[in-house]
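Everything on this sheet refers to the single structure shown next.
The values are calculated or read from the model by the stated rules, or taken from the named source; none is laboratory data. Keep in mind that what you see is a predicted model, and the values were worked out from it rather than measured. Heads up, the Cβs are rebuilt from the backbone with ideal geometry, glycines too, and the neighbour counts pull from every protein chain shown.
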Amino acid sequence: MLSYAEARQKIIEITQAMRHDPPRETIELGRACGRVLADPVRADRDYPSFDRSIRDGFAVRAADAGVPNATLRRIGEIKAGSSFDGLVGPSECVQIMTGAPVPAGADAVVMIEHVRVADDRVTLERAATRGQSIVPRGSEARAGQELLARGTRLGYAEMALAAEVGSYRVGVFARPRVAILSTGDEVVDIMATPGPYEVRNSNGLALEALVTMAGGQAQPLGNAPDEKGELRRYIERGLNADVLVISGGVSMGKYDLVEAVLAELGAEIFFDGVAIRPGRPAVFGRCRGKLVFGLPGNPVSTMVTFELLVLPALDLLSGTTARALPLMGARLAQAVHERPGMAHFLPARVEHSRGEPEVSVLPWQGSGDIVAVARANAFLVVPADRPDWAAGEWAPVMLRRGPEGAGG
């Protein structure tokens, strides 16, 4: 059975081998958060486009301000967005605001906190050096320079940069279409009142959210019953998308029919199990040129296997590289003992109340316990070859994407 790292690598290799550039479209920058650039973003001019002051203070000649207590004559004022037409000569200075262009003749800025002002006489309490508190023209970027490469996923910083250089419309790749199918006779719609032995379709909604957060376009198919003919019709519909993600029906039970139906449809199965808990009976294959993921039906298993296995494929199909797992280290609040031979992903909370990250494993009732995952902001990762950990040790943690986790 593959480790989760081996399974991820297999998915990346298969997806890369069949990947081609997605269709592209041009959209307004304000709608592009989370999208992947199909065209690079370049600087439209030098940045900054002038020598810019980074302090409120006085623009001076360093030659006049090389020693403390130098006294200069103020000859004007300049604020951000305006200019000073004159020239700063010997023993002269100009009051300047943050973001304003440094006037001709000046080559340093002295912070206002370090001067004494009496009418137009300005005494410098500290010496100044050439270039002090000035960002030179073009030091951030030169005109025509590539600032965001093709394949960059746009977050808030990237969008701010694109806006700064005037890229108010950007070329992006189309989002991969991801069909989402849940299975099981016990599953009912989330608006239904379930019977005593039924469950609402929380997996479908969770997978829609996960796909959207991953930059994909979710296409929910609903829930298929545990009957081969109906399941086949649902799966065939899902194969019209770029990726089909199925939850449930992939274990070894009498009514776990997904693999059998995929085999009837001519699917090539690359693996049907991963050495992880929760999520061991995870399936990855290709059918009619489309990637197919069969995820276990228990909700926590579905969430964990999506993060580990589906996410890298969606990254690649979005036109970018597969992101790394959001792993960090944290000090264990309590000892942990798990079964060896498989990696465990335990719902956990990371807190920083003592000045360093500390992780506590939450009480949970197994892979059907959505309550525990909703309380968690991370998963403690217990490696397959290291099942026992003492309290106080630094252990690997995978942050949960979401309001309190790592984000996309």
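Filter region 340-366 down to the residues that are under 22 Å from the mean Cα position of the chain (by Cα) and either in the same structural domain as Asn298 (by TED's automatic domain parsing) or under 23 Å from Asn203 (Cα atoms) (or both), then identify the one that is surrounded by the fewest Cβ atoms within 10 Å (Cβ to Cβ). Reasoning before the result, please.
Taking region 340-366 as the starting set, the residues that turn out to be under 22 Å from the mean Cα position of the chain (by Cα) are 345-352, 357, 359.
Within this subset, residues satisfying the condition of being either in the same structural domain as Asn298 (by TED's automatic domain parsing) or under 23 Å from Asn203 (Cα atoms) (or both) are 345-349.
On the way: Phe345: 25, Leu346: 21, Pro347: 25, Ala348: 27, Arg349: 19.
Per the stated criteria, the residue is Arg349.
Tell me whether region 78-85 contains one or more residues that are touching a residue at least 60 places away in the same chain (Cβ under 8 Å), surrounded by 13 or more Cβ atoms within 10 Å (Cβ to Cβ), of a type in the set (Lys, Arg) and in contact with a strand residue (DSSP E or B) (Cβ under 9 Å, 6 or more places away or on another chain). Spell out how you get there, then give the answer.
Taking region 78-85 and keeping what is touching a residue at least 60 places away in the same chain (Cβ under 8 Å), we get none.
No; the residues of region 78-85 include none that is touching a residue at least 60 places away in the same chain (Cβ under 8 Å), surrounded by 13 or more Cβ atoms within 10 Å (Cβ to Cβ), of a type in the set (Lys, Arg) and in contact with a strand residue (DSSP E or B) (Cβ under 9 Å, 6 or more places away or on another chain).
With (1) modelled with pLDDT under 95; (2) among the charged types (D, E, K, R); (3) in the same structural domain as Ser251 (by TED's automatic domain parsing) as the list, and Glu208 as the residue in question, which single condition is left unmet?
(1)
Could you figure out which of (1) crowded, with 24+ Cβ neighbours inside 10 Å; (2) of a type outside the set (Gly, Ala, Ser); (3) more than 22 Å from Gln9 (Cα to Cα) isn't true of Val336?
(1)
Restricting the first residue to region 367-396 and requiring it to be under 15 Å from Pro357 (Cα atoms) and outside the structural domain of Pro281 (by TED's automatic domain parsing), which pairs with a second residue that is of a type in the set (A, V, I, L, M) and in a loop (DSSP other than H, G, I, E, B) meet a Cβ separation below 8 Å and a spacing of at least six or different chains?
Ala376/Leu362; Ala391/Ala333; Ala391/Ala335
With Gly131, Gly171 as the choices, which residue is over 30 Å from Met213 (Cα atoms) and touching a residue at least 24 places away in the same chain (Cβ under 8 Å)? Write out each step before concluding.
On the way: Gly171 fails: over 30 Å from Met213 (Cα atoms).
Within the list Gly131, Gly171, the selection yields Gly131.
Is it true that Val88 is at pLDDT below 95 and either closer than 17 Å to Gln132 by Cα or not assigned by TED's automatic domain parsing to the domain that holds Gly155 (or both)? If you could, list the steps in order and put the result at the bottom.
On the way: at pLDDT below 95: no; either closer than 17 Å to Gln132 by Cα or not assigned by TED's automatic domain parsing to the domain that holds Gly155 (or both): yes.
It is false that Val88 is at pLDDT below 95 and either closer than 17 Å to Gln132 by Cα or not assigned by TED's automatic domain parsing to the domain that holds Gly155 (or both).
In region 159-168, is there at least one residue being within 27 Å of Thr320 (Cα to Cα), modelled with pLDDT of 95 or more, of a type outside the set (A, V, I, L, M) and buried (at least 18 other Cβ atoms within 10 Å of the Cβ)?
Yes: one or more hits.
When you look at Leu325, is it touching a residue at least 60 places away in the same chain (Cβ under 8 Å), under 15 Å from the mean Cα position of the chain (by Cα) and surrounded by fewer than 21 Cβ atoms within 10 Å (Cβ to Cβ), yes or no?
yes
Check Ala59, Ala38, Ala32 and return the single one that is assigned by TED's automatic domain parsing to the domain that holds Thr129 and touching a residue at least 12 places away in the same chain (Cβ under 8 Å). Give the derivation first.
Working: Ala38 fails: assigned by TED's automatic domain parsing to the domain that holds Thr129; Ala32 fails: assigned by TED's automatic domain parsing to the domain that holds Thr129.
Just one listed residue meets the conditions, Ala59.
Please work out if Arg280 is among the basic types (Lys, Arg), under 21 Å from Val211 (Cβ atoms) and either under 32 Å from the mean Cα position of the chain (by Cα) or assigned by TED's automatic domain parsing to the domain that holds Ile12 (or both). Outline the logic, then answer.
Working: among the basic types (Lys, Arg): yes; under 21 Å from Val211 (Cβ atoms): no; either under 32 Å from the mean Cα position of the chain (by Cα) or assigned by TED's automatic domain parsing to the domain that holds Ile12 (or both): yes.
No: the conditions fail for Arg280.
In region 174-194, which residues are surrounded by fewer than 22 Cβ atoms within 10 Å (Cβ to Cβ) and either of a type in the set (D, E, K, R) or touching a strand residue (DSSP E or B) at 6+ places or on another chain (Cβ under 8 Å) (or both)?
Kept after step one, since they are surrounded by fewer than 22 Cβ atoms within 10 Å (Cβ to Cβ), are these residues of region 174-194: 174, 177, 184-186, 188-194.
Ala174, Arg177, Gly184, Asp185, Glu186, Val188, Asp189, Ile190, Ala192, Pro194 - these are the residues of region 174-194 that are surrounded by fewer than 22 Cβ atoms within 10 Å (Cβ to Cβ) and either of a type in the set (D, E, K, R) or touching a strand residue (DSSP E or B) at 6+ places or on another chain (Cβ under 8 Å) (or both).
Could you check how many residues of region 116-131 are in a strand (DSSP E or B) and crowded, with 22+ Cβ neighbours inside 10 Å? Full working, then the answer.
Quick first cut of region 116-131, residues in a strand (DSSP E or B) only: 116-118, 121-124.
This time we only want the ones that are crowded, with 22+ Cβ neighbours inside 10 Å, so: 122, 124.
The total comes to 2.
Does any residue of region 47-65 turn out to be at pLDDT below 95, over 26 Å from Val165 (Cβ atoms), in contact with a strand residue (DSSP E or B) (Cβ under 8 Å, 6 or more places away or on another chain) and exposed (fewer than 14 other Cβ atoms within 10 Å of the Cβ)?
Within region 47-65, not a single residue is at pLDDT below 95, over 26 Å from Val165 (Cβ atoms), in contact with a strand residue (DSSP E or B) (Cβ under 8 Å, 6 or more places away or on another chain) and exposed (fewer than 14 other Cβ atoms within 10 Å of the Cβ).
Within region 255-275, can one find any residue that is of a type outside the set (A, V, I, L, M, F, W, C) and either under 21 Å from Val381 (Cβ atoms) or not assigned by TED's automatic domain parsing to the domain that holds Arg200 (or both)?
We begin by selecting, within region 255-275, every residue of a type outside the set (A, V, I, L, M, F, W, C); these are 255-256, 259, 264, 266, 268, 272-273.
Then drop every residue that is not either under 21 Å from Val381 (Cβ atoms) or not assigned by TED's automatic domain parsing to the domain that holds Arg200 (or both), which leaves 273.
Yes: one or more hits.
Consider region 309-340. How many of its residues are in contact with a Pro (Cβ under 8 Å, 6 or more places away or on another chain) and in a loop (DSSP other than H, G, I, E, B)?
Residues in region 309-340 being in contact with a Pro (Cβ under 8 Å, 6 or more places away or on another chain) and in a loop (DSSP other than H, G, I, E, B): 7 in total.
What's the number of the only condition in (1) on the phi > 0 side of the Ramachandran plot; (2) touching an Asp or Glu at 6+ places or on another chain (Cβ under 6 Å) that Arg331 fails to meet?
(1)
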